[in-house]
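Inspection log for the structure reproduced underneath, given as structure tokens.
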Amino acid sequence: MREVATAYAPAALGAYSQAVKANGFVFVSGQLGIDPKTGELAGPTAGEQAAQALRNVKCILDAAGSGIEKVVRATIYMKNVEDFHEIDARYAGVFLGSVKPARVAFGGNDIPKGALVEIDAIAVE
């Protein structure tokens, strides 16, 4: 196992790594829509926060020598399931390949820092 860390994504809020590389995979911890430059949520809407969370995932994968196009599985945690379509639109704008990652999305979550969305991912190296 090897830790992955980058200054281009927010530092971990707790006792975990931004990502871990193991056995040819990169496991990216849940990312909030926090702008790493300001330490604040990127905006008040679920769509804005989802877009930033996905940028954070991409930066971490890039630091790991992988890439967003190599994501095989993602999970989306939403505070409000009613935000699904707004979040999914931002997600669809990132995963453009013919084969989309497997995914789970569910609402009703209390997310740290009052965030509306959190996204984690598993990618191949």
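The values are calculated or read from the model by the stated rules, or taken from the named source; none is laboratory data. Small disclaimer: the values here were computed from a predicted structure and weren't measured. Quick reminder, even Gly has a Cβ in these numbers, built from the backbone with ideal geometry, and neighbours come from all protein chains shown.
Do we find that residue 109 is at pLDDT below 95, over 10 Å from the mean Cα position of the chain (by Cα) and either of a type in the set (Gly, Ala, Ser) or over 15 Å from residue 9 (Cβ atoms) (or both) in this structure?
When the stated conditions are applied, residue 109 passes them.
Can you confirm whether residue 107 is at positive phi, of a type outside the set (Phe, Trp, Tyr) and in contact (Cβ under 8 Å) with a residue 24 or more places away in the chain?
Taking the combined requirement at face value, the residue does not satisfy it.
Please go through the stretch 1-51 and pick out each residue that is of a type in the set (S, T, N, Q) and over 21 Å from residue 76 (Cβ atoms).
Hits for the stretch 1-51 are 6, 23, 38.
Being farther than 26 Å from residue 124 by Cβ, of a type in the set (Phe, Trp, Tyr) and modelled with pLDDT of 95 or more narrows it down to one of 25, 95, 84, so name that one.
None of the other options fit; the residue is 84.
When you scan the stretch 14-22, do you find a residue that is within 16 Å of the chain's Cα centre (by Cα), within 25 Å of residue 81 (Cα to Cα) and in contact (Cβ under 8 Å) with a residue 24 or more places away in the chain, even just one?
Within the stretch 14-22, none of the residues are within 16 Å of the chain's Cα centre (by Cα), within 25 Å of residue 81 (Cα to Cα) and in contact (Cβ under 8 Å) with a residue 24 or more places away in the chain.
Of all residues being without any contact (Cβ under 8 Å) to a residue 24 or more places away in the chain and small (Gly, Ala, Ser) in the stretch 35-66, which is nearest to residue 19 (Cα to Cα)? Just the residue, please.
42
Does residue 97 qualify as being out of contact with any strand residue (DSSP E or B) (no Cβ under 9 Å at 6 or more places or on another chain) and either in a strand (DSSP E or B) or surrounded by fewer than 22 Cβ atoms within 10 Å (Cβ to Cβ) (or both)?
For residue 97, the condition - out of contact with any strand residue (DSSP E or B) (no Cβ under 9 Å at 6 or more places or on another chain) and either in a strand (DSSP E or B) or surrounded by fewer than 22 Cβ atoms within 10 Å (Cβ to Cβ) (or both) - is met.
Of everything in the stretch 45-93 that's over 18 Å from residue 112 (Cβ atoms) and aromatic (Phe, Trp, Tyr), which residue is nearest to the chain's Cα centre (by Cα)?
91
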